[in-house]
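The values are calculated or read from the model by the stated rules, or taken from the named source; none is laboratory data. The shown structure was predicted, so the numbers you read here are calculated from the model rather than taken from an experiment. Positions of Cβ are backbone-derived with ideal geometry, glycine not excepted, and every protein chain shown enters the neighbour counts.
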Amino acid sequence: MQPFAFCNRCRGLRVGCNRRYIVHCLICKQWLSQSSKLLIFTVLASFLVLAFSSPGSLVFSDQNAEQTIQEATVEAAGIVGEDPAALSIDAFLNKYKVDEGQRSRIASAVVRSGRKYDVDPFLIASIMIVESRANPFAISGSDAIGIMQIHLPTWGQQADEEGINLFKIEDNVEFGVRILKDYVRQFGLWEGVKRYKGWNPENPNSAQSVSEYAAKVQRIYSNRKSETAENLSVAN
């Protein structure tokens, strides 16, 4: 049978390794010196004062904790809210089996650059799929790099002068959309797409290559348009 002890302060308590008996020994049987007790009390008092004077930093409710974690996750991901346009591009890229780990970031970059330069994000995504299958680290045999396959012999010096990291998704997409926008402005939509590929009108082989390229982009882009029209008609 487990022995009991009696104390004027603590009353009856079980002897052994339990919280009440340990506290009894520390305080009543003076296992700790008076100076040690004072130190412990000072530390505890300081903690309580700091905790209640700045609840946002030390003590917060479960609801606030959950909100803080969510905000930190959103900030780390670089996403503010759910942009319907970005979600649409994300779904479009998913159809072409773009890597899930980078897909939302790519979709956000496409939508942001499309809005900035007034270029349809689905056209940008269609070119991206043909160029690199949305691979940020793609390198072609003709020295075109990144997700939008920026041609280094043509654009590398400008990218270097502007401090553009062509292996960074956002930088590569924006630089590619700038190039595309300029070509479209000068030559019209599909002729501009051909120029983006690197069409040299004096080279017959180049003309055939860029025509096939533009046809691939147009097919992907047109399929998206037809799917959207079908979805709208079903919704109505």
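Could you tell me whether Arg105 is touching a residue at least 60 places away in the same chain (Cβ under 8 Å) and within 16 Å of the chain's Cα centre (by Cα)?
On the way: touching a residue at least 60 places away in the same chain (Cβ under 8 Å): yes; within 16 Å of the chain's Cα centre (by Cα): yes.
Here the answer is yes, as Arg105 does meet what is asked.
Restricting to region 195-215, name every residue that is in a helix (DSSP H, G or I), surrounded by 15 or more Cβ atoms within 10 Å (Cβ to Cβ) and in contact (Cβ under 8 Å) with a residue 12 or more places away in the chain.
Answer for region 195-215, where residues must be in a helix (DSSP H, G or I), surrounded by 15 or more Cβ atoms within 10 Å (Cβ to Cβ) and in contact (Cβ under 8 Å) with a residue 12 or more places away in the chain: Arg195, Tyr196, Lys197, Ser209, Val210, Tyr213, Ala214.
Going residue by residue through region 123-133, is there one that turns out to be farther than 20 Å from Pro84 by Cβ, out of contact with any strand residue (DSSP E or B) (no Cβ under 6 Å at 6 or more places or on another chain), modelled with pLDDT under 95 and among the polar types (S, T, N, Q)?
No: region 123-133 contains no residue that is farther than 20 Å from Pro84 by Cβ, out of contact with any strand residue (DSSP E or B) (no Cβ under 6 Å at 6 or more places or on another chain), modelled with pLDDT under 95 and among the polar types (S, T, N, Q).
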